[in-house]
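Engineer: Sharing a structure, written as structure tokens. Questions coming.
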């Protein structure tokens, strides 16, 4: 007898942990340009998994910064680019049992 394995469930931890958070910004949209050097923008990290307690982000592979999730399990940051150019934002969530979600990658250009 052959056992069929569902690729979506093989090796998975807690439900949905393989899904990265959604990242949105009011000033710096993904794969686009906006804002400018010294212009702050708000980034919202929305988890795609229940029980998120924090999000950890880094810009251009800098040291990660962890922010606690809000009442609706999302996190929001304000970030100000020091200069014009291309930036890459990486974000992952942590759920209450300590499991880490997949990472989201978002790039944008600062005018």
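No lab work stands behind these numbers, since they all come straight from the coordinates. Quick caveat, the model's predicted, so the values are computed rather than measured.
Engineer: Quick one: of the DSSP bridges fully inside the range 22-110, what percent are antiparallel, nearest 5?
Structural biologist: Values: 28 of 30 bridges.
The answer is about 95 percent antiparallel.
Engineer: If eta is 1.002 mPa s and T is 20 °C, what Stokes-Einstein diffusion coefficient results for the range 22-110, Kirkwood Rh from Cα pairs, in µm²/s?
Structural biologist: 163
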